[in-house]
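Worksheet for the structure shown next.
The values are calculated or read from the model by the stated rules, or taken from the named source; none is laboratory data. It should be emphasised that the depicted structure is a prediction, and the values quoted were computed from it without experimental measurement. Methodologically, a virtual Cβ is constructed for each residue, glycine included, from the backbone with ideal geometry; neighbour enumeration extends over all protein chains shown. Calculation scope for accessible area: heavy atoms of the full protein, side chains included, ligands and nucleic acids excluded. Shrake-Rupley method; radii C 1.70, N 1.55, O 1.52, S 1.80 Å.
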Amino acid sequence: MTREAVARGWHHRVAYKWIALSNTTLGVLMASINATILIIALPAIFRGIDVNPLVPGQTGLLLWVLMGFNMATTVFLVTFGRISDTYGRVRLYNLGFAVFTAGSILLYLTPGTGLAGEWQLIVFRFIQGIGSAFLFANSMAILTDAFPPEERGFALGLNQIAGIGGSVIGLVVGGLLASVDWRLVFLVSVPIGLAGTVWAYVALRELATTRESTRIDVWGNLTLGLGLVGVLVGLTYGIIPYGHANMGWGNPFVRVALAGGVLFLVLFVLVERRVEEPLFHLELFRNRAFSAGNVAGFLAAVARGGLQFMIIIWLQGIWLPLHGVSYADTPLQAGIDTLPQMIGFLVAGPVSGRLSDRYGARWFGFAGMLVSALGFLLLGTLPADFSYWTFACYLFLVGAGMGLFAAPNSSAIMSSLPPRFRGVGSGMRATFQNGGMMVSMGIFFSIVISVLAAKLPPSLTHSLTAFGLPAPVARGIAHLPPTAMLFAALLGYNPMAHLLPAAVQAHLPAAKLHVLTGERFFPGLIATPFMQALRVVFDFSLAMSLVAAVASLLRGGRFIYDEAAAPATPGERTRWLALATAAAYLARGGARPTASREEQERLVRALALLALLLGRSDLARTLAAPPPERADVPREPRPAAPRDPG
């Protein structure tokens, strides 16, 4: 039986839109789970390849293992979206499933140990990230093609749930599988990827009209790729200690990377304005629904992007140890304790998506960001040792607010795009979102490290000398960069056990060593300065949420791109405007009081076409509406509203 025959059989039994929704949701869920699955599983993975991630020089590689996947995904999103618009979204989406699965198999088979094994993990995660970029760039475009405008919000809402919910599920799944065997963390994606690849190949079909591009925008691809790489690498290395500094923002490499990245992004804009067939049509940003939606999405990502790491460090480094949970068990328990955020998203996302199909995205996006802002405000009022159910309620509010916002915002962005640009437009939307999350990570860690560097050394020096450590040793430990403590807590290691030199531990009385490396000493030491930093982080997230709410309002009323009412390219739009203006001029005689009915209708038709091309569809409908009936004059039919053939 051929692929087409199997597909026809499925489509007879199940509407194609549901096949597209289930398959793309599976792909996004798999990619999202893998974006965070390593956070909890890293200690088991590093033990498996015989690496200590906390020894000097390992911080950079640790960050590449953690963030290389997201970096590869972010860099290629727009490029892959543009290629998909040209050669077929379903074809490239299916390729993404296959590449992602290949990366998962390579990760499962990682042969090396030590430094070689670590670099193999980084390379194979990059391959996974490339497959993820194909999936993210095309999933929403495929759904937008498959669903009518009145159902897109609901469909994209479910897809968004898979995306954000998967990032929380990844924490729990990673912890559970790592407790059995670290290789299972990567193997779990293989059967899903194989099934998804076959399913997508057999069941999905191309609905969009592809057009062969005569030229590849080499300079556009190059400048955008180098710009994103420069900015993301600079943000990553900016939080790594440099010399005697606690962070790397003074590192010449970081400054060059950031400045070069920004320069290449500016060059990208200049290139795209001049090439005949650009990678991304910047004219799309003139569409208020598209531009305001992307700005709001970027700000929302900045508000929540680093939140997951901050909450995990809070739980693993302070709250769970204070409640008797050993450091080795904190990663899995922290993943479970963050589930209320996902539940909030699960509850609000589909409802908001369905309602936005009827009433538009503007007010739902606004309300969602206000709810998230309230959640951040309330989280900032909690002490270090909080009541879990209060914490869970506040985290649920943040998740519910993001759920209210995400589905309508994505639906509004995708519905505002011409069909031929949905792939690259979806890639740009995802780039704004992923880029916002990377920016958030840099800002959040910088805030926390800065506050800890200022507040922690005096209290740490006092506490260590009180336990009998020599003052020079105590000061040396106290002035170590706080990054080591944060990553130790994040990875489920006992921070004090790694900060105290082995020689010092050997000479300390057993009772004092037990207290210093116990589950309460470090949390009690770090709680006050960490909470001061965390409140600054929550205030920043609150501010970003409020600005995102304003950006959501600026998107205007509900707007759905009418394929029959807009020209294909800016050049065609200019030609149609010229023709409509000429037609209106030639039909000007219809404005005379003595004009015949035919002359009047010719003028109305020309003016309605001109209004439509100028974006005044309301005026076009008014012009084409039949006049009020009069009792003494028989009513003749008026012409229908003109439709732009582009």
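Is there a residue being closer than 14 Å to PHE432 by Cα, open to solvent by 30 Å² or more (accessible area, probe 1.4 Å), under 20 Å from the mean Cα position of the chain (by Cα) and in contact (Cβ under 8 Å) with a residue 24 or more places away in the chain anywhere in the stretch 262-282?
Within the stretch 262-282 (the criterion being closer than 14 Å to PHE432 by Cα, open to solvent by 30 Å² or more (accessible area, probe 1.4 Å), under 20 Å from the mean Cα position of the chain (by Cα) and in contact (Cβ under 8 Å) with a residue 24 or more places away in the chain), the answer is yes, since at least one residue qualifies.
Right, ALA195: surrounded by 24 or more Cβ atoms within 10 Å (Cβ to Cβ) and on the phi < 0 side of the Ramachandran plot or not?
On the way: surrounded by 24 or more Cβ atoms within 10 Å (Cβ to Cβ): no; on the phi < 0 side of the Ramachandran plot: yes.
Taking the combined requirement at face value, the residue does not satisfy it.
Among the residues in the stretch 329-337, are any open to solvent by less than 40 Å² (accessible area, probe 1.4 Å), within 22 Å of VAL231 (Cα to Cα), among the hydrophobic types (A, V, I, L, M, F, W, C) and in contact with a helix residue (DSSP H, G or I) (Cβ under 6 Å, 6 or more places away or on another chain)? Break it down stepwise before answering.
The first filter runs over the stretch 329-337 and keeps only residues open to solvent by less than 40 Å² (accessible area, probe 1.4 Å), leaving 330-331, 334-335, 337.
Adding the requirement that they be within 22 Å of VAL231 (Cα to Cα) leaves none.
There is no residue in the stretch 329-337 that is open to solvent by less than 40 Å² (accessible area, probe 1.4 Å), within 22 Å of VAL231 (Cα to Cα), among the hydrophobic types (A, V, I, L, M, F, W, C) and in contact with a helix residue (DSSP H, G or I) (Cβ under 6 Å, 6 or more places away or on another chain).
Mind listing whichever residues of the stretch 223-261 are more than 22 Å from the chain's Cα centre (by Cα) and hydroxyl-bearing (Ser, Thr, Tyr)? Show your work before the answer.
Applying the first criterion (more than 22 Å from the chain's Cα centre (by Cα)) to the stretch 223-261 yields 240-257, 259-260.
Answer for the stretch 223-261, where residues must be more than 22 Å from the chain's Cα centre (by Cα) and hydroxyl-bearing (Ser, Thr, Tyr): just TYR242.
Of (1) farther than 30 Å from ALA72 by Cβ; (2) within 40 Å of the chain's Cα centre (by Cα); (3) open to solvent by 50 Å² or more (accessible area, probe 1.4 Å), SER450 satisfies all except one. Which?
(1) is the only condition that SER450 fails.
Give the residue, chosen from ALA348, ALA373, that is small (Gly, Ala, Ser), in a helix (DSSP H, G or I) and in contact (Cβ under 8 Å) with a residue 60 or more places away in the chain.
Just a single option satisfies the conditions, and that option is ALA373.
Could you please tell me which pairs satisfy a Cβ distance under 8 Å, a separation of 6+ or placement on different chains, a first residue in the stretch 541-556 that is surrounded by 23 or more Cβ atoms within 10 Å (Cβ to Cβ), and a second residue that is outside any helix (DSSP H, G or I) and hydrophobic (A, V, I, L, M, F, W, C)?
SER552/ALA361; ARG555/ALA361
Can you pull out every residue in the stretch 247-261 that is surrounded by fewer than 21 Cβ atoms within 10 Å (Cβ to Cβ) and not charged (D, E, K, R)? Step through it out loud before you land on a result.
Taking the stretch 247-261 as the starting set, the residues that turn out to be surrounded by fewer than 21 Cβ atoms within 10 Å (Cβ to Cβ) are 249-253, 255-256, 258-261.
Of everything in the stretch 247-261, those that are surrounded by fewer than 21 Cβ atoms within 10 Å (Cβ to Cβ) and not charged (D, E, K, R) turn out to be TRP249, GLY250, ASN251, PRO252, PHE253, VAL256, LEU258, ALA259, GLY260, GLY261.
Of all the helices (runs of 4 or more DSSP H) wholly in the stretch 276-338, which have at least 1 residues that are modelled with pLDDT under 80, among the β-branched types (Val, Ile, Thr) and touching a Leu at 6+ places or on another chain (Cβ under 7 Å)? Steps first, please.
Values: elements: 288-304, 307-314, 330-337.
Fully inside the stretch 276-338 and qualifying: 330-337.
Considering only residues that are open to solvent by 40 Å² or more (accessible area, probe 1.4 Å) and of a type outside the set (Lys, Arg), look in the stretch 344-366 and name the one that is modelled with the highest pLDDT. Don't jump to the end; show me each part of the working.
Here is the first cut: in the stretch 344-366, the residues open to solvent by 40 Å² or more (accessible area, probe 1.4 Å) are 346-347, 351, 354-355, 358-359, 362-364, 366.
This time we only want the ones that are of a type outside the set (Lys, Arg), so: 346-347, 351, 355, 359, 363-364, 366.
On the way: LEU346: 82, VAL347: 85, VAL351: 83, LEU355: 81, TYR359: 79, TRP363: 85, PHE364: 86, PHE366: 90.
Going through the qualifying residues, I end up with PHE366.
Is it the case, given these coordinates, that LEU320 is in contact with a helix residue (DSSP H, G or I) (Cβ under 6 Å, 6 or more places away or on another chain) and crowded, with 23+ Cβ neighbours inside 10 Å?
In short, yes.
Residues LEU397, LEU417, LEU404: which one is part of a loop (DSSP other than H, G, I, E, B) and closer than 30 Å to GLU151 by Cα?
Every option except LEU417 fails the conditions.
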